[in-house]
Amino acid sequence: FADWQQRLTAFEQIGAWAGDAPDVFTVTSGGTPERVSGLRVTHQLLDLLGAGATTGRLFRAGDDQPGAAQTAVISHGYWQRRFAGAPVVGRSITIENEPHTIVGIVPTEFPLSGSLFASAPIDVYLPLAVDGNEDIGGFMTVVGRLRPGVTADHASAELASRQQALSIGKWEWMRVLGQSVAPLPDLVTRDARVPVLLLLAGAAGVLLLACANLVNLLLVRASERRREMQLRMALGASLRQVLAQLTVENGVLVIASGVAGVWLTVAAVEILQRAAWVSIARIGDLHVGGVAIAFVFALCAAITILFGGVAVLQLRRPDMTHPLRPHPGVSIAW
């Protein structure tokens, strides 16, 4: 990592955290001792991933140097849960039997607060001391931002070149290690992508079945109202006007269903997030946002137009005299 910081040109900035999964830290100050999910990170990582600090600051150069003062950054959720929203920046907290000064709070929506791991959200971040003069290293996960115009293939080739250079001499054991460059979204979604796609496919199948049933019901309803619509057209209404009327009627039905669906989804998400028995990758990041709501109502509009308009096709060539002819049970007085 120290070598990459000095020599890699494909990246604007790189940061890292220790290991490939969160650690468990013991907090023994400020109330009842508890075990929290934590991560040791280099000072660049939080800023690199666009965390920002709602209060205080993030780690800065020097915080992750050997012998530096012990500092900590906590998540917004942990701040609310442990400290009930009280001012904590500058306050000391004992983590792993060592006092740390809280320097900042990261927002709840920050990716490392839960998005990057399938486990519990990250509560506490500690500096990861990196000494480039040490011969014995440790396992780290590195994240970098590519420079504009640089491709992942170019970055992979540069990493391979550095790997070969480092494996000459005392670090020959590095020849057995491989390096690769992968987009961050692939890492974020690796545990949840297949289940979500299967769930999406299942929901699409249910939607198609519901639409097929809806079309059948609308066709039956249109057959019952065929005489009414033909009478309207015989009196001068155009096919477009009749179609607009039916579209509005069907649209009210579909939009009401969409609103009910969104409301049920929001309620279900809250229940799943609070349920202790649910173990779903990154369930804490699941929310019904503006994009999802816009998609629902765009889908409602498409269903109204595509499926609601099927019932009007039988009116394209109406028999204008049909509504005026006597029907069983109908008498016309002149």
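The values are calculated or read from the model by the stated rules, or taken from the named source; none is laboratory data. What you see is a predicted model, and the numbers here were worked out from it, not measured in a lab. Don't worry about glycine lacking a Cβ; one is built from the backbone with ideal geometry, like all the others, and counts go over all protein chains shown. The accessibility values were calculated without ligands, DNA or RNA, using every heavy atom of the protein model including side chains. Shrake-Rupley method; radii C 1.70, N 1.55, O 1.52, S 1.80 Å.
Model label sites at residue 96 and residue 231, defined 7 Å from Cα along the beta-carbon direction, differ in position by 8.3 nm. Here the calculated FRET efficiency for residue 291 and residue 186, from their Cβ-Cβ distance with R0 = 35 Å, stands at 0.95, rounded to the nearest 0.05.
Determine the distance separating the Cα centre of the range 1-76 from the Cα centre of the range 223-275; give it in Å without decimals. Taking the Cα centre of the range 223-275 as reference, the centre of the range 1-76 is 52 Å away. Shown for the range 161-280: the carbon plus sulfur share of the solvent-accessible area, taken with all protein chains present and a 1.4 angstrom probe, equals 68%.
For residue 200, the accessible surface of its heavy atoms amounts to roughly 110 Å² (probe 1.4 Å, protein chains only, rounded to the nearest 10).
As a calculated quantity, the FRET efficiency between residue 240 and residue 200 at R0 = 51 Å, using C-beta atoms, amounts to about 0.90.
Sorted by accessible area with a 1.4 angstrom probe, largest first, how do 180, 161 fall?
Putting 180, 161 in descending order of accessible area: 180, 161.
Solvent-accessible surface (1.4 Å probe) assigned to residue 224 amounts to roughly 140 Å². Over the range 1-102, accessible surface divided per residue gives 47 Å², non-protein components excluded, 1.4 Å probe. Per-residue SASA remark: residue 186, around 70 Å² accessible (1.4 Å probe; ligands, DNA and RNA not included).
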